[in-house]
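Just below is one structure, and these are the notes that go with it.
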Amino acid sequence: MKHILKKFLSKNLRAKLNIVILFTSIIPLLLLGFFTYKYISGLLQEEISANELERITAVNNQFTYFLKDIEQMSLFFYKNDQTQRILKEDTNRNLKEKYADYETINEVFDTITGIKDWDVNIYIIGLNGDRYFSNNYLPADYTNIRENWGVFRKAKEANGMMVWDTRYTTDEYDNQDVVLTAGRLLVDSDNDQDLGYIMIDIYESAFTSIYEDNNPLESKQYFLLDNQGYVISSQPDKSNIGTILNSDYISRVMIGENGFFKFTRDKEPYVLTYHTSDKTNFKLISTTPLDVIQSKNNLIRNLTWNFALLGIILSGWLAYYLSKTITMPLYKLMSLMGEVEKGNLDVRFASKYNDDIGIFGKRFNRMLKRLKTLIQESYEKQVRLKDSELKALRAQINPHFLYNTLETVNWLACLKGVHDISRIVVSLSEIMKYSVKKGDDFVTIEQDIKQLENYLTIQEFRYRDKFDVHLHVDKSIQNGLIPSLLLQPIVENAIIHGLENKLTKGNIEISITSFQEYIKIFVIDDGVGMDKHTLEIVNQKMEEALSLDELGIGIENVRKRLFLCYGDEYEWKLSSIVNEGTEIMMIIPYKEG
């Protein structure tokens with residue numbers, strides 16, 4: 001990235017203007033085109049999906065009307081006096097009576113089937129052993145009444161109400177697929193005694209005709225599901241009829257009422273639309289490949305990108321014209337500056353316009369005139385200054401001079417027998433050497449501990465018996481590297497802010513141990529601690545102050561240096577309780593020194 005930026009900045013002004021103008025116009029145009037296309041495409045997909053929802057709602061309503069008619073037909077038999085009378089007849093009546101009953105029921109069948117051209121078969125199954133059917137074939141399932149099986153069980157439990165049973169069988173006589181059975185228990189209207197059952201088998205072709213009347217697209221797949229998720233009918237692929245629809249989206253469809261959403265099947269995107277009938281609770285599903293919907297977006301896509309291309313062409317022409325208009329006078333100025341570099345101060349810039357470049361040219365002319373005057377004056381001044389030039393030297397304090405001075409104080413203290421002053425001077429000298437040395441961002445734990453001991457030596461004389469320091473260092477990690485001056489600022493903070501205001505004698509515990517591949521450092525004091533408000537402020541500052549704008553000594557600076565040295569590979573925790581003390585824990589990566 002830096003290489004690309006450097007290469008761009010190295011180009012001439014005209015090239016940079018062309019690039020900037022094109023970049024700042026093409027990118028917005030492309031983004032505008034892209035998001036416009038996506039937005040309009042999304043609206044179009046929503047509109048198409050909403051229209052599809054309306055269409056399958058109409059189709060599902062047709063299914064509902066059809067099934068409602070089937071229910072009304074079964075209700076007719078339920079209330080029909082002739083049906084009631086025949087099913088109450090004795091099982092052992094003679095054949096003439098049975099034939100007469102057969103003719104009577106067939107007349108009823110003809111009356112019903114003559115009204116509607118339905119692909120259904122009607123079966124009346126009497127508990128007295130009578131069997132009547134509208135076609136020429138009685139399925140084996142209806143030969144005997146099995147009240148604990150399938151549709152018989154459902155009808156028995158419904159006690160005269162209509163029930164639906166999804167099943168997939170083939171009518172051997174008509175060679176058609178039965179996909180749904182409507183069943184109802186027939187009850188004596190006088191004494192509520194069970195008389196038998198009416199079963200109405202509905203062929204899959206009855207549903208197919210409704211699909212075809214609505215002209216579905218060949219690319220779409222339809223499923224009609226019962227309230228258990230079984231496929232009653234499907235179009236055009238019928239391989240799932242009679243089974244539970246096993247798809248990732250089925251759970252979402254079963255808990256919803258109606259709507260549409262996208263899903264993926266065999267790595268191809270689809271849009272699923274579904275509607276639930278409030279009468280039968282059956283669900284009609286349609287799945288449409290997203291490509292079919294998006295194919296209608298081609299016109300929008302082409303218009304969008306054509307407008308974007310036209311905008312790019314206009315931007316290119318505008319970039320060329322503006323860059324030429326701006327840079328030509330600048331190139332003229334650059335040529336004149338070349339003449340000035342050769343020593344010709346008599347050139348002048350002729351400006352046609354009073355724009356920024358014109359003003360710049362006029363000031364260039366004034367500058368040349370002034371420069372010519374200043375050169376003459378400067379020459380005369382240099383001749384005069386050469387004879388009277390004086391240099392002012394500023395005294396610089398050499399660190400070695402300070403070290404030598406401290407050594408002198410130390411020597412005098414030893415000579416006078418004032419050993420306390422000698423210890424303080426030696427410690428101060430070591431601290432200065434440690435603080436001003438260059439190039440050592442990391443030191444060993446042993447070196448930083450030595451620096452800390454020098455600091456504590458001085459503080460012992462200041463505070464006397466104010467506190468005790470307990471230091472524990474794991475010898476196995478003494479050669480481990482840590483940032484220079486890591487420990488001393490934290491201990492100093494503990495003394496000044498924790499122990500200085502404590503009325504009784506305090507303690508500072510310093511522990512440095514190994515922890516897996518890390519170094520764990522604890523600095524604990526039993527000083528006055530911090531209240532929650534102060535602790536929040538301190539922690540907040542440490543979270544936010546991650547740049548070293550100013551070098552300082554203190555907890556905040558230590559935290560900053562840990563972040564700069566280790567990034568996110570360190571752990572820091574500061575906790576404090578009022579009148580109990582403060583604890584600082586640091587975990588940093590172990591590096592061998």
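The values are calculated or read from the model by the stated rules, or taken from the named source; none is laboratory data. Everything quoted here is computed from the prediction, not taken from an experiment. Note: ideal-geometry Cβ built from the backbone for every residue, glycine included; neighbour counts use all protein chains shown. When the accessible area is computed, the model is the full protein with side chains, heavy atoms only, and any ligands, DNA or RNA have been set aside. Shrake-Rupley method; radii C 1.70, N 1.55, O 1.52, S 1.80 Å.
Using the Kirkwood radius built from alpha carbon pairs, what does the Stokes-Einstein equation give as D for segment 439-592 at 4 °C and 1.567 mPa s, in µm² per second?
The Stokes-Einstein estimate is 81 µm²/s.
Give me the one-decimal nm value for the distance between modelled label points at R153 and L30, 7 Å along each residue's Cα-to-Cβ direction.
6.5
I458 to S378: FRET efficiency via 1/(1 + (r/R0)^6), r the Cβ-Cβ distance, R0 60 Å, to the nearest 0.05?
Using R0 = 60 Å, I get an efficiency of 0.60.
Can you find, among I202, L272, N191, the residue farthest towards the positive end of the dipole of segment 181-287? Put +1 on the C-beta of Lys and Arg, -1 on that of Asp and Glu.
Toward the positive end, the furthest listed residue is L272.
Assuming 0.36 nm per residue, please report the length gained on full extension of the stretch E46 to L290 beyond their Cα-Cα distance.
Taking 0.36 nm per residue and subtracting the Cα distance, the gain is 86.7 nm.
Can you compute the modelled spin-label distance between V473 and L310, with each label point 7 Å from Cα toward Cβ, in nm?
7.9
Expected output is a single nm value to one decimal: the length gained when fully extending between M585 and L138, i.e. 0.36 nm times separation in residues minus the C-alpha distance. What is it?
152.1 nm
Calculate, in nm to one decimal, what Q516 and F23 gain on full extension: separation in residues at 0.36 nm each, minus their alpha carbon distance.
Value of the extension gain: 172.2 nm.
Which residues in segment 79-109 have a backbone N closer than 20 Å to a point placed 7 Å from the Cα of D190 along the Cα-to-Cβ line?
The answer is 79-94, 97-98, 101-102, 105, whose backbone nitrogens lie closer than 20 Å to the label point.
Under a point spin-label approximation (7 Å from Cα along Cα-to-Cβ), what is the Y102-N302 distance to one decimal in nm?
The two pseudo-label positions are separated by 7.0 nm.
What net charge do the residues around N106 carry, taking every other residue with its C-beta under 13 Å from that of N106, with Lys and Arg at +1 and Asp and Glu at -1?
Surrounding charge for N106 is -3.
What FRET efficiency, computed as 1/(1 + (r/R0)^6) with R0 = 56 Å and r the Cβ-Cβ distance, is obtained for T243 and L564, rounded to the nearest 0.05?
Efficiency, from the Cβ-Cβ distance: 0.30.
Could you please state how large a percent of the accessible area of segment 439-592 is carbon and sulfur, counting protein chains only and using a 1.4 Å probe?
Carbon and sulfur atoms account for 47 percent of the accessible area of segment 439-592.
How would you order 86-98, 265-277 from highest to lowest mean count of nearby Cβ atoms within 10 Å?
Most protected by this proxy first, the peptides run 265-277, 86-98.
Please work out the C-alpha center-to-center distance from segment 44-106 to segment 460-519 and express it in whole Å.
Comparing the Cα centres of segment 44-106 and segment 460-519, I get a distance of 94 Å.
Relative to the compact globular guide of 2.2 N^0.38 Å, what is the alpha carbon radius of gyration of segment 63-206, as a ratio?
0.99
Enter the per residue convex hull volume of segment 208-293, computed from alpha-carbon coordinates, in Å³ rounded to the nearest integer.
Dividing the Cα hull volume of segment 208-293 by its residues yields 100 Å³.
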